[in-house]
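Participant: Can you read through this structure? Questions will come right after.
The values are calculated or read from the model by the stated rules, or taken from the named source; none is laboratory data. In this text the structure is predicted, and so the values were computed from the model without any measurement. Cβ placement follows ideal geometry from the backbone for every residue including glycine, while neighbour counts extend to all protein chains displayed. To get the accessible areas, we keep the full protein, side chains included, count just its heavy atoms, and leave off ligands, DNA and RNA. Shrake-Rupley method; radii C 1.70, N 1.55, O 1.52, S 1.80 Å.
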Amino acid sequence: NIKRNKQFYKMHKGKRCFILGNGPSLRDVNLGKLKDEYVFSVNCFARVQNFELAKPNYHLWMDYSFFELRDDQKYNHEELINDYYKMAGTGAKCFVPDVAYSFIKENKIDKILDVHYLLSGESNAVIPEIKYKLDDFITGYSTVVQYAITVAIYMGFTEIYLLGCDSTSIISLLNNALDVKSNNIHAYDKDDTNERNKQILSNWSMTDIFFDQYTLFHGYKLLGEFSKKQGIVLRNCSTKTLINEISWVSLNDVLN
């Protein structure tokens, strides 16, 4: 299954793409403006209002919790399956971790989605180097957006723009640790993150949480440096973001 990914190598050479995270700043974006662009979406994008307008070409689920493989963070099974069916309506090609294989087969997800598997290292380790060849072992990351960047690089995109990539999850985690409920955590309204944060806090120490945050921002730093060496323009267009490892540019300037 991994070797099948060779079909994607440089298939979009010289093109540009947009990677949509689900941060609250995505609410500021008119998704219809992206309908003629190459678009990557991630995770619960199908819960975003009018998500179909973006017409995503590719979609990634990389967190093990989306395949019921984590004890420290759980989603409602019916809602997960509903998200898969909603994404099937977009026709997007999907990427998931290799460990999701059994879940995909048991729930017949591969009958409704064009599923492709990624083989990666652990996401909770300091990243030694960028490995991006999808037909082999790739670098493991703390966020699905960085996997999407990796896929885009392998596909040959020379301009990669991030939207809704706020990396503000640490704020809601700290709020929950202090028994303060957070609002507007994601770009969609139906959000159970406060409950899942409580699950994480009962299983993770603050050392674990801040180390995970370090690997997250370190991943952006390395991908930014790697892209520059490869002659790839990697920019963040998110209107509200904690990421300063990647240069910011206005979406309007990019589209114009």
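Participant: Taking only protein heavy atoms and a 1.4 Å probe, what accessible area per residue, in Å², does the range 1-126 have with all protein chains in place?
Facilitator: Value returned for the range 1-126: 49 Å² of accessible area per residue.
Participant: While we're here: Residues with beta-carbon under 11 Å from that of Phe66, excluding Phe66: net charge, scoring Lys, Arg +1 and Asp, Glu -1?
Facilitator: So the environment of Phe66 carries a net charge of -2.
Participant: Also, quick follow-up: Between their Cα atoms, which of Lys74/Lys228; Lys3/Lys198; Lys74/Lys229; Lys3/Lys55; Lys108/Lys229 are more than 29 Å away from each other?
Facilitator: Lys74/Lys228; Lys3/Lys198; Lys74/Lys229; Lys108/Lys229
Participant: Starting from the Cα gyration tensor of the range 66-177, take the square roots of the eigenvalues, sort them a ≥ b ≥ c, and report rounded, prolate or oblate (rounded when a/c is under 1.5, otherwise prolate if a/b is larger than b/c, else oblate).
Facilitator: Judged from the Cα gyration tensor, the range 66-177 comes out rounded (a/c under 1.5).
Participant: Just need the relative contact order of the range 8-149 here, percent rounded to a whole number, with Cα pairs under 8 Å and 6+ apart.
Facilitator: Dividing the mean separation by the residue count of the range 8-149 yields 20 percent.
Participant: Only four residue types carry charge here, +1 at the Cβ of Lys and Arg and -1 at the Cβ of Asp and Glu. Report the dipole size of the chain about the Cα centre in Debye, rounded to the nearest 20.
Facilitator: Magnitude of the dipole: close to 960 debye.
Participant: Between the range 130-155 and the range 56-73, what is the separation of their alpha carbon centroids in Å?
Facilitator: 15 Å
Participant: When a/c is below 1.5 the answer is rounded, else prolate if a/b is larger than b/c, else oblate, so apply that to the range 37-89 with a ≥ b ≥ c taken from the square roots of the Cα gyration tensor eigenvalues.
Facilitator: prolate
Participant: Now for a separate question. What list of ³J(HN,Hα) couplings, whole Hz, do you get for the range 198-211 from phi and the Karplus terms 6.51, -1.76, 1.60, once you set θ to phi - 60° and write x for glycine and proline?
Facilitator: 4, 5, 4, 5, 7, 10, 10, 7, 5, 4, 5, 5, 6, 5
Participant: Which residue fluctuates the most in the chain, going by a Gaussian network model with Cα springs under 10 Å, if the choices are Val39, Val233, Val145?
Facilitator: Per the Cα network of the chain with a 10 Å cutoff, Val233 tops the list.
Participant: Which value in nm describes the separation of the simple spin-label points at Trp248 and Lys74, placed 7 Å from the Cα toward the beta carbon?
Facilitator: So the two model labels end up 4.0 nm from each other.
Participant: Mean 1/r over all different Cα pairs, inverted: what Kirkwood radius does the range 132-197 give, in Å?
Facilitator: Roughly 14.2 Å, rounded to one decimal.
Participant: Give the relative contact order (percent, whole number) for the range 57-103; include only Cα pairs under 8 Å separated by 6+ residues.
Facilitator: Rounded, it is 60 percent for the range 57-103.
Participant: Under 10 Å, Cα contacts only: if you run a Gaussian network model on the chain, which one of Leu216, Leu53, Leu163 comes out with the highest mean-square fluctuation?
Facilitator: Per the Cα network of the chain with a 10 Å cutoff, Leu53 tops the list.
Participant: OK, next. Over the range 1-48, what portion of Cα pair distances is larger than 11 Å, expressed as a whole percent?
Facilitator: When every Cα pair of the range 1-48 is considered, 77 percent fall beyond 11 Å.
Participant: Please work out, to two decimal places, the log10 of the ratio I(q)/I(0) at q = 0.14, 0.16 Å⁻¹ from a Debye calculation in which every Cα of the range 111-248 carries one identical scatterer.
Facilitator: -0.74, -0.95
Participant: Separate question: Whole angstrom only: what separates the Cα centroid of the range 232-252 from the Cα centroid of the range 15-50?
Facilitator: So the separation of the two Cα centres works out to 14 Å.
Participant: Now a separate question. Assign one of three labels to the range 1-111, namely rounded, prolate or oblate, based on the Cα gyration tensor with a ≥ b ≥ c the square roots of its eigenvalues; rounded applies when a/c is under 1.5, prolate when it is not and a/b is larger than b/c, and oblate otherwise.
Facilitator: Oblate shape, in that a/c is at least 1.5 and b/c is the bigger or equal ratio.
Participant: List, largest first, the extents of the alpha carbons of the chain along their principal axes, each in whole Å.
Facilitator: Ordered largest first, the chain gives principal extents of 48, 40, 38 Å.
Participant: At most 10 other Cβ atoms within 10 Å and a DSSP loop assignment: could you name the trypsin sites (Lys or Arg not before Pro) in the range 176-234 that fit?
Facilitator: Answer by residue number: Lys181, Lys190.
Participant: Mind checking Rg over Rh on the range 54-113, alpha carbons, Kirkwood formula for Rh?
Facilitator: With Rh from the inverse mean 1/r over Cα pairs, Rg/Rh is 0.94.
Participant: Evaluate the range 83-132: find the radius of gyration of its Cα atoms, find its Kirkwood radius, and give the ratio Rg to Rh.
Facilitator: Taking Rh as the inverse mean 1/r over Cα pairs, Rg/Rh reads 1.07.
Participant: Can you tell me, using C-alpha contacts under 8 Å and at least 6 residues apart, the relative contact order of the chain as a whole percent?
Facilitator: 26 percent
Participant: To continue, here is another question. If we count every other residue with Cβ under 9 angstrom of Met155's Cβ, Lys/Arg +1 and Asp/Glu -1, where does the sum land?
Facilitator: With Lys, Arg at +1 and Asp, Glu at -1, the net is +3.
Participant: Whenever you get a sec, line up Glu195, Glu159 from highest to lowest accessible area (probe 1.4 Å, protein heavy atoms).
Facilitator: Reading off the accessible areas and sorting them downward yields Glu195, Glu159.
Participant: While we're here: Run the accessible area of the range 131-256 with a 1.4 Å probe and give the carbon-and-sulfur part as a rounded percent.
Facilitator: Its accessible area is 50 percent carbon and sulfur atoms.
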